[in-house]
Structures are given as C-alpha cells and as structure tokens.
Amino acid sequence: MGKVNTHGAYLSRQLERLGLGLLREVTVGDDAGEMRRVFAEAWRRSDIVISTGGLGPTFDDITRDVWAKVLRRPLRFHPHVFQRIEAGFRARGLRMPEENRRQAFVLAGARVLQNGNGTAPGQVLRVNGKILALFPGPGRELWPMVEGQFLPFLARAVRPAPRRTRVYRIFGVPESVVDERLRPLIHSEDARKDAARTWGILAEKGIVDIKITVSASGRARADAALRRIHRKILREFSDEIYGFDEEKLEGVVGRLLRRNKDTLAVSESCTGGLLAEKITRVPGSSGYFLEGYVTYSNESKRRILGVRRRTLQVHGAVSEACALEMAKGCRRRSRADWALAVTGIAGPGGGTTEKPVGRVYFALSGPSGADCRWKQFHGARDQIRENAALFALNWLRQELNRQRAKKP
C-alpha cells in the first residue's frame, strides 16, 4: 500500500555482527493464502526465518495464525503475557479491548520476547535445527527486542564460521569507475585460498559503498585477510574514501573540525538549509558549528552577506563571483575558521543554456584564503540539492585533511 519496509536493512546490519548474511527479503500483503505460500517457501529453504509485522490485535493481524498452519503447531494462551498487556492499558488509564487478548497466544514451544514499548510480544521458536522469530512491525518495538533479547539468543544458538565485514564509503566517484578500478583487486584476491570473499558495490544518492565480507576457518585468518584487503583498497582509493561502515560525511567532517579545534559557518542558496541540517544532525555539533544563513534572494545575499550589487548584476547569483563573496561574507560575519557557500539552480525551472539546471557553485573560505568550484549535477530537484550538500561537505573534509597534513 505504498509503505516502505525498512527492517531488512536494519536486520541485515545486526545479523552481520554475528557473521550471518541476510540472503533474501520478501514483502507480502495481508492475504492469508499468499502469506502461507511465502512463509512455507521461506521455511523450506532457510535455516533462520525472521518475520516482522502482523502481530497486532486487529482483524488483519494474521501472522501468528498463518505460521501456526505452516508449522502445524497450535497457538497456546499465555496468562502472564495477557496480564502484561492488561497492566499496560491500566497504566495508561485505558480500557483494554477484547481483541488484544489475541496477542497473548504464542506458538506452542516458542520463547516469548518481552515488548517494553507495545502490546505485541515477540516469539522465537526452534524446530528441527531451524529458528523462527516473529517480531511486531513498529521499529520502536522491534529494535529493542532484537538487540536486547534476540541477538543474545542467536549468538548462543548459532556458530557460523568467523566472518569480517567492512564497508568503504566514497563520494564523488561514479559507480562504474569504482567498479573498473576495483576489478583487478577482486580478481587477485579471489584467487587466494586462505579465506572466502564476498564483494559488493552499492550506489545511492551520490555515495558509492564498497562492501567486503571475509569468511575463514578461524578468526585470525579472517582478520589477516581483511587487513590485507584493507591496505590494497586504501592504496587504490586513498582520500576518495571518506569513511567506513555506517559513517556519514557530516559525522566525519564534525570529527575533523573537533580534532583540529576549528569552527564552521555556512551560507546557502539553492540547498535552502539542507547543508546546515546535515551538519547539526551530529550530536555535539554545537561545539564547532557556529551558524548558518539561508540567503535565498539576491536582497538577502546583499544585506546579510555583503554580496555586492554589481556582482549580482554582472555575474548573477549563480556564479563564481557570488559564491566567493557569500563565503567571505559568511566567514567575516560569523568569525568562523571555515565558511562554506552554495549557490545554484536546483530546478526544475530557471536554467539557461549557459547555466543549466543542476549548475552549482561552491566557495570555501578558510585560514589560507578562499577558493571556488562548480559542479554540474543531474536528476530531480531533491537529488541536486542532496548532491550539492554532500559535495560541499566532502570538499571541506578534503581540505581539513590537507591542512592537518601540513601541520608539523
């Protein structure tokens, strides 16, 4: 019905920590017949099946009932689970609807997983060497249950071969170029017999992730293989790699600013505050981020940042001259060590032959002076704005690294 299932990515990350790979994810509607077919097929082919959603009290919450039929296992009423549900309603001063009683039924032989944020308990069942886990759909209920109860259970129940995974995050290099440069390394490594390797490349919103998973007969072998690959990837991509695993550009930039004891301010036009929003997502960003200006109109660029009227008349707001004056004015007004400026045409209208939609100018003013760059982005308005904000952050990251390398 248009809703997006985000649990697959979350569960994949959690399982990876135990050395377990998520091989398939299926979304099925609330149709008993289709659910039964999907559940039965998953149970046949998999050692571990994780099912999310459909454990609520309403008429369309039929996950428990369908799994009971697939496994030919009855549902048992658990009085203590029912008492917890009742107590939750009483604590909120509410009357419990009779339908909530359904949530106290658990597959025979299953272990109950307590839900501290809702009424639907989770369940874990071991049958003939296989494991089935049922979780409620809302993330705020599922996440604590997975991390606090299910993963510890799984760590005791499963002994996979030692696996090590690392993700290398790159911005500004096309996916096809990353693939071309990575292939020789993949072929040379895959020829080795000391460990099994699984490679992957994922591109999203201008960021390309290289993922490498190493499996070996022992932990020491897996670690050694991953260290060797790590050195080769760093040698090939060097400063193009901005971070690892789940790191975000704004977090990496924040860490560098904090380490260098530098401060930052931004002035934005086409990104409309998106750059400042990304920076302030990072906890503790108030330690280095001073302020941001969304100077969308020409008048605000003049009044707030001191962009000259003649600059706007001769060169326009989308120009190198305007970007440089925005950055200098931002740094002068905020007294920050670094100031970033972004101005461009996000579209879908407003472009010309000389300055098409997607043309964005960036300026960076810092201790060594000011510089300007421009990029031609493609795609829809939101995509252009996202890529512009990421480009600005990545440029600052590279400059902060260069400045640090110069220090004795």
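Coordinate-derived values only; no laboratory data. These numbers were taken from a predicted model, which means no experiment stands behind them. Don't worry about glycine lacking a Cβ; one is built from the backbone with ideal geometry, like all the others, and counts go over all protein chains shown.
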| Among residues other than Asp30 whose Cβ falls under 10 Å from its Cβ, what is the net charge (Lys/Arg +1, Asp/Glu -1)? | -4
| query | Between their Cα atoms, which of Lys248/Lys355; Lys261/Lys406; Lys205/Lys355; Lys261/Lys375; Lys278/Lys407; Lys3/Lys211 are more than 26 Å away from each other? | reply | Lys248/Lys355; Lys261/Lys375; Lys278/Lys407; Lys3/Lys211
| For the stretch 384-397, in order, what is each residue's ³J(HN,Hα) by Karplus, 6.51 cos²θ - 1.76 cosθ + 1.60 with θ = phi - 60°, in whole Hz (x at glycine and Pro)? | 5, 5, 4, 5, 5, 5, 5, 4, 4, 5, 5, 4, 4, 4
| message | Spelling out what I want: for every residue of the stretch 58-69, take phi, set θ = phi - 60°, compute 6.51 cos²θ - 1.76 cosθ + 1.60 (Karplus), and round to whole Hz; glycine and proline get x. | response | 7, 4, 8, 8, 10, 4, 4, 5, 5, 4, 4, 6
| Hey, what do the phi angles of the stretch 255-270 turn into as Karplus ³J(HN,Hα) couplings, whole Hz, using 6.51/-1.76/1.60 and θ = phi - 60°, x for Gly and Pro? | 5, 5, 4, 5, 5, 7, 6, 9, 10, 9, 9, 9, 10, 10, 10, 5
| query | Taking a ≥ b ≥ c as the square roots of the eigenvalues of the Cα gyration tensor of the stretch 290-408, is the shape rounded (a/c under 1.5), prolate (a/b larger than b/c) or oblate? | reply | oblate
| request: Find which of Leu390, Phe377, Gly347 sits farthest along the positive direction of the dipole of the chain, computed with +1 on the beta-carbon of Lys and Arg, -1 on that of Asp and Glu, about the Cα centre. | output: Leu390
| message | What's the longest uninterrupted piece of the chain once you rule out the trypsin sites (Lys or Arg not before Pro) that are loop residues per DSSP with at most 16 other Cβ within 10 Å? | response | 96-191
| said: Could you tell me the extents of the stretch 326-373's C-alpha atoms along the three principal axes, largest first, rounded to whole Å? | reply: 36, 17, 10
| remark: Projected onto their principal axes, the Cα atoms of the chain stretch, largest extent first, over whole-Å spans of 80, 61, 42
| request: Evaluate the stretch 1-70: find the radius of gyration of its Cα atoms, find its Kirkwood radius, and give the ratio Rg to Rh. | output: 0.97
| note | What helix-only [θ] at 222 nm does the chain give? Using -39500 (n - 2.57) per DSSP H run of at least 4, over all residues, to the nearest 500, the answer is -13000 deg cm²/dmol
| Where nothing but the Cβ of Lys and Arg (+1) and of Asp and Glu (-1) is charged, how large is the charge dipole of the chain around its Cα centre, in debye to the nearest 20? | 1220
